[in-house]
1. Taking Glu73 as the residue in question, decide whether it is surrounded by fewer than 19 Cβ atoms within 10 Å (Cβ to Cβ), acidic (Asp, Glu) and at pLDDT below 95.
2. Might you let me know whether the range 38-48 holds any residue that is under 15 Å from the mean Cα position of the chain (by Cα), free of Cβ contacts under 8 Å to residues at least 24 places away in the same chain and over 25 Å from Leu114 (Cα atoms)?
3. Can you tell me which of (1) in contact with a Leu (Cβ under 7 Å, 6 or more places away or on another chain); (2) assigned to a helix (DSSP H, G or I) is the one Pro112 doesn't meet?
4. Tell me yes or no: at least one residue of the range 33-44 is surrounded by fewer than 17 Cβ atoms within 10 Å (Cβ to Cβ) and in a loop (DSSP other than H, G, I, E, B).
5. Here is a check on your reading of the model: is Lys67 outside any loop (DSSP other than H, G, I, E, B) and either in contact with a strand residue (DSSP E or B) (Cβ under 7 Å, 6 or more places away or on another chain) or over 18 Å from His36 (Cβ atoms) (or both)?
6. Which residues, counting only those in the range 74-113, are more than 15 Å from Leu37 (Cβ to Cβ), charged (D, E, K, R) and in contact (Cβ under 8 Å) with a residue 12 or more places away in the chain?
Amino acid sequence: MEEIREKIKESVPPIFANTEYIINVDRLSLSKGQWHLIRIFKKIKEEFSQLGLLILGDGELKDYLVKFSQALELKTFVWDRDMLSENFDIYFLGFQNNPFKFMAKSRLFVFPSLWEGFFKCIG
C-alpha cells in the first residue's frame with residue numbers, strides 16, 4: 001500500500017495536470033467492454049465539453065476501439081501514433097507502469113467489464 005501512495009505522488013504529463021478526465025485502466029479486450037464507455041463518453045462530452053477520457057492498457061481490441069472513437073467523431077490520441085497535446089477528446093495511452101498517478105487525478109474511474117473471471121486461490 002505504501003508503494004501505491006508513493007506512485008500517486010508522481011506527476012502526470014502537464015496536459016493532464018489541470019484537465020478533468022474520466023479514466024479506465026484495463027486490457028483492451030472483448031470482456032472489458034470499453035466500447036460502451038466510449039459511446040457513453042460521447043454523450044457526456046456534449047454537456048461537459050472540457051472533459052477528457054483516458055484509456056490505459058493495450059490489447060487485441062485497440063484498433064477497433066480507436067476506429068470506433070473516430071467514427072463517433074471524437075478526436076482520438078493513440079500513444080504509438082500521435083504527438084501528445086490538449087487537442088484530443090480521448091487518449092489511448094497504452095500500458096503504463098504507473099497507472100496510479102493518472103487514477104489519483106481523475107474525476108471518475110470507470111470499469112465497464114462485461115464479465116470477470118474467478119480469482120484463483122490456493123488454500
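The values are calculated or read from the model by the stated rules, or taken from the named source; none is laboratory data. Just so you know, these numbers come straight off a predicted model, no measurement behind them. Using ideal geometry, Cβ is built from the backbone for each residue, glycine included, and neighbour counts are taken over all protein chains shown.
1. No.
2. No, every residue in the range 38-48 fails to be under 15 Å from the mean Cα position of the chain (by Cα), free of Cβ contacts under 8 Å to residues at least 24 places away in the same chain and over 25 Å from Leu114 (Cα atoms).
3. That leaves (2) as the condition not met.
4. Scanning the range 33-44, I find no residue that is surrounded by fewer than 17 Cβ atoms within 10 Å (Cβ to Cβ) and in a loop (DSSP other than H, G, I, E, B), so the answer is no.
5. no
6. Lys75, Asp80, Glu86, Lys101, Lys105
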